[in-house]
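Written below as structure tokens is the structure these notes are about.
The values are calculated or read from the model by the stated rules, or taken from the named source; none is laboratory data. Model, not experiment: these values are computed from the prediction. Here Cβ is always computed from backbone atoms with ideal geometry, including for glycine, and neighbour counts include all displayed protein chains.
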Amino acid sequence: MQDQFRRAAITSPVVKVAGAVVPDRPVMNKGGRLSMAVPIVSFVGRSNSGKTTLIERVIPELVRAGYKVATVKHAGHGFDLDTEGKDSWRHKQAGASSVVVLSKGSMAMFADVSDQINVEEVRERFLDSSYDLIIAEGWKHEGYPKIVIVRDQLGEIPVSTEGLLAVVSDKPVDLAIPLFGLDDVVGVAAFIMKQFPRSQSRAEHGLAT
């Protein structure tokens with residue numbers, strides 16, 4: 001597995017330009033105009049590798065730099081955030097495909113989606129172009145630009161080498177891509193900001209997060 005990562009570091013076009021900006025691709029917005037898609041970066045690693053902890057430490061660094069961030073978490077074993085007996089739960093039990101709950105300054109949605117929904121579909125359906133970055137937790141087999149958290153050894157879980165940008169680990173890793181320590185939160189955040197600069201429209205207008 002380590003040889004697989006090493007070959008990817010040599011041959012992957014994303015890794016070859018790991019110090020450069022990862023380009024967005026244009027998408028059609030709701031107004032029928034082309035705009036740049038909100039970039040996605042995925043944090044991957046084995047269970048209990050510290051993905052969530054790293055993400056929650058990186059987000060404040062990005063927010064302080066003016067980024068508006070969305071996160072998408074992959075829950076492989078399913079979940080249920082609604083509460084039995086609540087009005088929203090009763091609406092859903094009655095057969096509504098989607099239930100939206102609104103209060104002052106907050107919104108929650110409970111919706112039926114395909115088992116195969118991916119982060120791009122979430123972006124296109126639920127996140128508008130005001131966001132600067134989407135951080136995904138999981139999707140290790142997808143080709144998203146990704147940062148791998150390694151606890152013991154490279155290859156401790158199978159990870160798609162497509163889009164491999166960096167490794168976060170306190171172990172030595174022999175790859176031709178950036179390596180950050182587990183506590184180098186500032187370094188990881190700076191790397192992400194270099195790879196995925198704020199959208200020009202938000203930066204120029206100084207929009208708040």
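Per the conditions (1) modelled with pLDDT under 90; (2) farther than 19 Å from SER49 by Cα, the sole criterion not satisfied by VAL173 is (2).
Scanning the stretch 144-181 for residues that are over 21 Å from the mean Cα position of the chain (by Cα) and of a type in the set (Phe, Trp, Tyr) turns up nothing. In summary, VAL58 fulfils each of the numbered conditions (1) in contact (Cβ under 8 Å) with a residue 12 or more places away in the chain; (2) β-branched (Val, Ile, Thr); (3) touching a helix residue (DSSP H, G or I) at 6+ places or on another chain (Cβ under 8 Å); (4) over 24 Å from ASP184 (Cα atoms) with the single exception of condition (4).
Taking the stretch 99-137 as the range and being over 21 Å from VAL63 (Cβ atoms), of a type in the set (S, T, N, Q) and surrounded by fewer than 10 Cβ atoms within 10 Å (Cβ to Cβ) as the test, the residues that pass are SER103, SER114, GLN116. Listed by position, the helices (runs of 4 or more DSSP H) inside the stretch 103-209 whose residues that are of a type outside the set (Phe, Trp, Tyr) and farther than 25 Å from ALA65 by Cα number at least 2 are 119-126. Among the residues of the stretch 22-65, those that are at pLDDT below 50 and within 16 Å of the chain's Cα centre (by Cα) comprise VAL22, PRO23. Restricting attention to the stretch 168-187, and to residues there that are without any contact (Cβ under 8 Å) to a residue 40 or more places away in the chain and small (Gly, Ala, Ser), which single residue is surrounded by the most Cβ atoms within 10 Å (Cβ to Cβ)? Looking at the filtered set, the residue picked out is SER169.
For the stretch 155-167, the tally of residues that are out of contact with any Gly (no Cβ under 7 Å at 6 or more places or on another chain) and either more than 18 Å from GLY143 (Cα to Cα) or free of Cβ contacts under 8 Å to residues at least 40 places away in the same chain (or both) stands at 2. Given the condition of a type in the set (Asp, Glu) and either farther than 25 Å from VAL159 by Cβ or in contact with a Pro (Cβ under 8 Å, 6 or more places away or on another chain) (or both), answer yes or no: does some residue in the stretch 84-95 qualify? Checking the stretch 84-95: at least one residue is of a type in the set (Asp, Glu) and either farther than 25 Å from VAL159 by Cβ or in contact with a Pro (Cβ under 8 Å, 6 or more places away or on another chain) (or both).
Inspection of the stretch 79-92 finds a residue satisfying the criterion of being part of a loop (DSSP other than H, G, I, E, B), modelled with pLDDT under 80, among the hydrophobic types (A, V, I, L, M, F, W, C) and farther than 24 Å from HIS141 by Cα.
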